[in-house]
Structure formats: C-alpha cells, structure tokens
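Shown next, in structure tokens, is the structure this report addresses.
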Amino acid sequence: MSEQLLYNISLNNLTLKSFRCFPELDVSFDERLTVFIAENGGGKTTVLDAIAEGLKAYLAALKVAGYKQCSFQGGDVKKGEEISDININVSLDYPVKLSNLSVTGETRAGELDGKQENIEVFINVYKHNISSTNLSSKSVIASYNELAKNRLNQDNQIVMPVLAYFGGDSVKIKYDAKDRAKNRIEYIYKNAFSRSRLNYTAIYDWFDEKFKVFRELKDKDSSIKMEEKTPELFKIQKAVEWIMNDGDNAVYKDLRISSLSGQSKLVISKKNTSGTYDDIEINQLSSGEKSLFAFVADLGLRLLHATPLTTSVEADSAYKILGKGIVLIDEVDLHLHLSWQQKVIEKLMEIFPDVQFVMSAHSLLILGKLRSNNVRLFLDNELYSIPEMYGQDIGTIIEKIWKIPSNIFKHRIREVYRLLATNVLGNLLAAKAEVENIEKEIGNSTPALVEAKAIIKHKEKALLQ
C-alpha cells in the first residue's frame, strides 16, 4: 500500500478586539490541549465561537459544502464600539512543495513534498450587521484545495484533518434524513459545527451498514472476528466502552444495531444491579451518558473517514482512533457525574492521541487532572495563568483559584468540599446547609460557594434517584 498523504491544520493563536465581553484578548494554544475555565458568562464560549468561525472560513476557502458566510452580527460587537476584530493564526501541513514565487509574494503549488505554512484568518464584524472574512496566502489555500478536492472521495491515501465544534446544547438523538452523509467529505465535515453534539443520523446509518456486512460474513463463517473484517466498527465499539467504563469494571459494552423487536435500533448493553446486562437504546441513556457517547461516536466516525485504517487493529490499543485535527468542546463537563468530570479529558486524550483539543469547562474538579500549561483562567474578562494543580484535592484548588473572604470561612469552605468528596447523603445535606449558612453570614456568594452549589446539585440528582 502506498504512503498516505497527510494534510493537517493546527491552531496557534487568537486575538480579539471589542468582541462580545472582551475589550482585548490575546491567547495562545497548546499543541495538544487547552482548557478554558470560568464562571458562567466569563467568556469561555465567546473564545470557542471565534475559533469556530475562523475554522469555518477555512473550510469555505476549501469549498466544502455548507460553509460560506460569517454568522456573527452587530450584536456580537462589544457595547459602545463600532467594530470587532478577530484574528486567528493557524499552521497548515500538507504534502505540497510551494514554488514559483509570484510578483505578489504569493506562492503556487509545485511537486509533492512536505511543507508547513502559517495562515491568518481575519474576521471583521460591524455594528450594523455587516461582517467580512479574509484569509492570508489565498494561493496556498487554493493549492491545498486543488490537490485534494478531486481525490478525497475516491482515494483513501489522502488524509484530511477533522475540524469540529461540540457546542453546549444537550445531545439530541433524532434521525433526520437531511443529515445523511452521502460521501467521505460529508462524513468528515457535515454538521461539524452544530450546537448539538453529534450527527446521529450519520452515525446510525454507518452502524447499520457496517453491522449488515458483519452479520452476513458471520452467517457464512462463525469464526470471523469483527476486528478483522470490520475493524472500523470494532474501534468505535471499544472507544465508547473505554470512555464510559472505569478500568476493568465493564458497566457498558457491545454497542451495536439490534433488530430483535423488528425495528433496527442503536443500543448498548448496560450492567444492572444484579450483575446482568440490559440492552438500552441510545436515546434512553442519561444526559451524561449521551454526552460521552456523542464525543466518541461522532468524532471517532469523522476521524475514521478522514484517516482510513491501513493496518490491522491491535487488541491492546483497539480503543485508540488515530487522525489529526482541531476539536472544540464547549462545557466538556456538561451533564457529567462528578466521577466522569474528573476523567473525561484524560480519556478523550487517550482515545484521540493526535487531535488538538480546545475546551471550556465550568467545574474546577477537572483541574486536578491537568497541567497548568494546559489551562487558561478567565476572571473579569481577563486571562490568567494558574499555579500547578495536578494531583491536588478540590479544597486546595478552590483555595488557590477563587478568592475566599477570610481564614474562618476558608476553613469552613474546605470542610464543605471534604463532605462533598464522599457519596454519603448525610454529608451532602450537611454541606448544603453549611453553604446556605456561610452565604447568610457574608451577605453574598463567592465563586467557591457557587462551585460547591453546582457540585451539590449534581450529587443530589445521583443520590436521590
């Protein structure tokens, strides 16, 4: 098999001026993971929306269907200003040797040979609902497009980057024929910037097709293994199990199409209290379970089309799905149980080892699993670095990040978080009562108490079910 030709894009830097809540902002991105932490309304989604608009402009330059004009309007301009400026710097890696410098300083494509170019995406949004998008080095984009466009749907040797934005809306499990993916390029990019967290229609159609193939082969030869004949299907199965299960405790398994009731449904087996398994339709999962499924199934399917498998699946790494790209996730901890909040980022990084992730989160619980160079903290529309938090308990994290009014309250708030570290209903109720008492005594709330109340709300749902 011939060598795959790799096309990639990576995010370097973003600057904003007079955009929504930010007078000015300049932020750089880690090559693997950047996580924005802030209270609600602190600017996390604003930054992700700006990046997403720049990536959509890039796809529009590549003439990918469905990506055309800028969606920002006058209401996105900061109050009191006339214009917003957004500048996104990205690097393109592609197998083209750029040669023949033109009189304008631009370049044209020459023979195949690896090359990296920096591209600037400029977005201007005017108060009177006018917006414009421009890209530097347009001939580089044209060269990129010319080499790839005629071969993408036919040639698996062309490897493209995935670009996707998992928005903050709840996951919707709904089949809609208009969301069907008709070819490889649509599997990679269709609905990739939807506020919902997955294209369920494309996932269902793909599973249905792959399972029909596997079952036909299995009917002819019962010894056939999924990882040998339908390895892409096997990888998605294992990736979903990896993110939803904790170690060797297999609560979830066997994601598949079931036709036992006469109607094909996408189901997963879930362990019940007696230790046996029940088949649960995907649309009957909890909001947190659906979010984890959406992250892995949607992104995994896009990556498998962008970077087709060229080798057999190794059992010890079956859950890993290779392929490059930029993936934005708003509120990665949304709807997740506390134990999942603490592991979701780490597991996504394990499953997708080559993807550049940019995420936002509300819960400080995730900081104990992150290095400080991966975290950007927003306070009062200003960007801050944070001290190293890796491996520290939630009480220490809260104390270092949020301002707590005095030593006596600091001690009491740490005790609240000690109570919340357990899964005991009595401790939860005691923590809730103490939070209410502290708020009454100081006359208002603090970020630490707001965070505690969010954790209490999550735990109440889990313990009182």
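The values are calculated or read from the model by the stated rules, or taken from the named source; none is laboratory data. Small disclaimer: the values here were computed from a predicted structure and weren't measured. For neighbour counting, all protein chains shown are included, and Cβ atoms are generated from backbone atoms with ideal geometry for every residue, glycine included.
From the set of residues in segment 278-292 that are touching a strand residue (DSSP E or B) at 6+ places or on another chain (Cβ under 8 Å) and of a type outside the set (Asp, Glu), which is nearest to Gly323 (Cα to Cα)?
Ranking the candidates gives Ile282 first.
For the structure I just gave you, tell me whether Leu11 is at pLDDT 95 or above and more than 21 Å from Leu379 (Cα to Cα).
yes
What number of residues in segment 197-234 are among the hydroxyl-bearing types (Ser, Thr, Tyr) and either closer than 26 Å to Glu314 by Cβ or part of a loop (DSSP other than H, G, I, E, B) (or both)?
Residues meeting the conditions: 3.
Residue check, Ala448 against (1) in contact with a helix residue (DSSP H, G or I) (Cβ under 7 Å, 6 or more places away or on another chain); (2) surrounded by 14 or more Cβ atoms within 10 Å (Cβ to Cβ); (3) over 17 Å from Asp393 (Cβ atoms); (4) without any contact (Cβ under 8 Å) to a residue 60 or more places away in the chain, all met but one. Which one?
The number of the failed condition is (3).
Condition first: part of a strand (DSSP E or B) and of a type in the set (Phe, Trp, Tyr). Now tell me which residues in segment 34-59 satisfy that.
Residue satisfying the conditions is Phe36 alone.
Take Ile404 and tell me if it is at pLDDT below 75, outside any helix (DSSP H, G or I), hydrophobic (A, V, I, L, M, F, W, C) and over 28 Å from the mean Cα position of the chain (by Cα).
For Ile404, the condition - at pLDDT below 75, outside any helix (DSSP H, G or I), hydrophobic (A, V, I, L, M, F, W, C) and over 28 Å from the mean Cα position of the chain (by Cα) - is met.
May I ask you to list the residues in segment 412-435 that are surrounded by fewer than 16 Cβ atoms within 10 Å (Cβ to Cβ) and part of a helix (DSSP H, G or I)?
Glu415, Arg418, Leu425, Gly426, Leu429, Ala430, Ala433
Would a scan of segment 295-309 turn up a residue that is within 15 Å of the chain's Cα centre (by Cα) and of a type in the set (Lys, Arg)?
yes
Quick check, is Glu31 in a loop (DSSP other than H, G, I, E, B), at pLDDT 95 or above, acidic (Asp, Glu) and within 30 Å of His305 (Cα to Cα)?
In short, yes.
Every residue in segment 320-345 that is part of a helix (DSSP H, G or I), within 13 Å of the chain's Cα centre (by Cα) and over 21 Å from Ser28 (Cα atoms), please.
Val344 - this is the single residue of segment 320-345 that is part of a helix (DSSP H, G or I), within 13 Å of the chain's Cα centre (by Cα) and over 21 Å from Ser28 (Cα atoms).
Tell me whether segment 182-191 contains one or more residues that are under 30 Å from Ile119 (Cα atoms), touching a strand residue (DSSP E or B) at 6+ places or on another chain (Cβ under 8 Å) and modelled with pLDDT under 90.
The answer is no, given that none of the residues of segment 182-191 is under 30 Å from Ile119 (Cα atoms), touching a strand residue (DSSP E or B) at 6+ places or on another chain (Cβ under 8 Å) and modelled with pLDDT under 90.
Restricting the search to segment 251-274, which residues are among the hydrophobic types (A, V, I, L, M, F, W, C) and either more than 24 Å from the chain's Cα centre (by Cα) or assigned by TED's automatic domain parsing to the domain that holds His335 (or both)?
Hits for segment 251-274 are Ile257, Leu260.
Matching residues to (1) out of contact with any Ser or Thr (no Cβ under 6 Å at 6 or more places or on another chain); (2) surrounded by 22 or more Cβ atoms within 10 Å (Cβ to Cβ):
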position: Leu5; (1), (2): yes, no
position: Phe19; (1), (2): no, yes
position: Glu31; (1), (2): yes, no
position: Asn40; (1), (2): yes, no
position: Thr45; (1), (2): yes, no
position: Asp49; (1), (2): yes, no
position: Ala52; (1), (2): yes, yes
position: Tyr67; (1), (2): yes, no
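Identify all residues within segment 366-381 that are surrounded by 15 or more Cβ atoms within 10 Å (Cβ to Cβ), of a type in the set (S, T, N, Q) and at pLDDT 90 or above; write none if there are none.
Listed by number, the list holds a single entry, Asn374.
Whether any residue in segment 46-58 is of a type in the set (Phe, Trp, Tyr) and touching a helix residue (DSSP H, G or I) at 6+ places or on another chain (Cβ under 8 Å) is what I want to check.
Checking segment 46-58: at least one residue is of a type in the set (Phe, Trp, Tyr) and touching a helix residue (DSSP H, G or I) at 6+ places or on another chain (Cβ under 8 Å).
Would you point out the residue of segment 32-59, among those that are in contact (Cβ under 8 Å) with a residue 60 or more places away in the chain and out of contact with any Leu (no Cβ under 9 Å at 6 or more places or on another chain), that is farthest from Thr133 (Cα to Cα)?
Checked segment 32-59; the qualifying residue farthest from Thr133 (Cα to Cα) is Asn40.
Is one or more of the residues making up segment 271-283 among the aliphatic types (A, V, I, L, M), surrounded by fewer than 20 Cβ atoms within 10 Å (Cβ to Cβ), outside any loop (DSSP other than H, G, I, E, B) and without any contact (Cβ under 8 Å) to a residue 40 or more places away in the chain?
yes
Considering each residue of segment 125-146, count those that are assigned to a loop (DSSP other than H, G, I, E, B) and at pLDDT below 65, and give that number.
0
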